1. Accessible area, 1.4 Å probe, largest first: how do Val60, Val181, Val50, Val175 sort?
2. Please compute P(r) over all alpha-carbon pairs of the chain, binned at 5 Å starting from zero, and give each bin as a whole-number percent.
3. Quickly estimate the mean residue ellipticity at 222 nm for the chain, helices only: each DSSP H run with n ≥ 4 gives -39500 (n - 2.57), and the total goes over all residues, rounded to 500.
4. How do 118-128, 22-32 rank on mean C-beta neighbours within 10 Å, highest first?
5. What Kirkwood Rh does the stretch 28-100 have if only Cα atoms enter the pairwise 1/r average? Answer in Å.
6. On full extension of the chain, what length is gained from Ser28 through Leu84, given 0.36 nm per residue of separation minus the C-alpha to C-alpha distance?
7. Please give the Cα centre distance for the stretch 64-93 versus the stretch 113-142, rounded to the nearest Å.
8. Give me the 1.4 Å probe accessible area per residue for the chain, excluding ligands and nucleic acids, in Å².
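The values are calculated or read from the model by the stated rules, or taken from the named source; none is laboratory data. A quick note: this is a predicted structure, and the numbers were derived from the prediction, not measured. Because the Cβ atoms are built from the backbone with ideal geometry, glycine has one as well, and the counts that use them run over all protein chains shown. Heads up: the accessible areas ignore ligands, DNA and RNA and are worked out on the full protein's heavy atoms, side chains in. Shrake-Rupley method; radii C 1.70, N 1.55, O 1.52, S 1.80 Å.
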Amino acid sequence: MIEYITLSQAEIDAIRLSLKVAFWAILSSLPPAIATAWLLARCHFWGKSVLNSIIHLPLVLPPVVIGYLLLTTMGRNGVIGKFLSDWFGFSFSFSWHGAALASAIVTFPLVVRAIRLAIESIDIKLEQAARTLGASALRTFFTVTLPLASPGILAGVILGFARSLGEFGATITFVSNIPEVTRTIPLAMYSFIETPNAEGAAARLCFIAIIISLISLLISEWLAKRTQAKLGRE
């Protein structure tokens with residue numbers, strides 16, 4: 001019974017790495033996600049539908065395709081990856097940075113969609129009123145749009161974080177399955193499933209992944225309701 005409760009060092013490393021990758025994936029993708037969501041929600045321009053389709057493409061593409069595209073562009077011999085390696089000595093390949101990049105791309109459409117819906121739900125007359133009172137477009141965005149859209153931003157962040165924890169296909173294709181380096185919870189589960197007599201470890205990680213994701217969603221719901229109540233009082 002004890003062996004089914006006690007986590008091995010490999011399992012702890014996978015959990016720690018998953019949280020680290022998910023955190024940096026969301027942190028790095030949030031600013032462009034907010035900007036993209038605002039662009040889609042408030043601007044009208046030629047090719048908007050095409051841009052929207054491209055942004056949401058990771059939702060329908062096989063994750064392995066995303067991983068392959070990252071490998072050919074951001075890998076050591078890729079167009080961008082070779083430049084980064086030669087000039088800055090930095091590489092996404094076979095590192096947790098690459099895992100975070102893969103997770104950020106896969107989760108980006110989910111974050112954008114949640115924030116876009118939040119911005120579209122804001123009465124545009126409130127923004128127009130701020131502009132007529134002398135506020136600049138940038139000040140209006142930070143003092144009116146962002147606070148009112150905060151529940152959607154929060155929902156997008158938590159949803160993206162939970163999705164990052166489950167990213168598998170793009171990660172294993174781009175950065176492989178390296179213990180303590182790129183082996184997140186899904187990759188560790190895959191390794192344990194393929195290893196004889198390691199079913200217990202896979203089951204433990206499965207349970208932990210479910211708990212972390214469930215807690216993330218519950219926190220998102222609680223914070224969103226609290227934020228909406230606060231905005232309503234104001």
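1. Numbers: Val60 115, Val181 50, Val50 90, Val175 0 Å².
Heavy-atom accessible area, descending, gives Val60, Val50, Val181, Val175.
2. With a bin width of 5 Å, the distribution comes to 1, 7, 12, 15, 16, 14, 12, 10, 7, 4, 2, 1, 0, 0.
3. Working: 13 runs with 182 residues, N = 234.
After summing the helix terms and dividing by residue count, I get -25000 deg cm²/dmol.
4. Going from most to least packed, we get 22-32, 118-128.
5. Details: mean 1/r = 0.0703 Å⁻¹.
Computed over Cα pairs of the stretch 28-100, the Kirkwood hydrodynamic radius comes out at 14.2 Å.
6. On the way: separation 56, 0.36 × 56 = 20.16 nm, distance 1.77 nm.
That works out to 18.4 nm of additional length.
7. 38
8. On the way: 13250 Å² over 234 residues.
On a per-residue basis, 57 Å².
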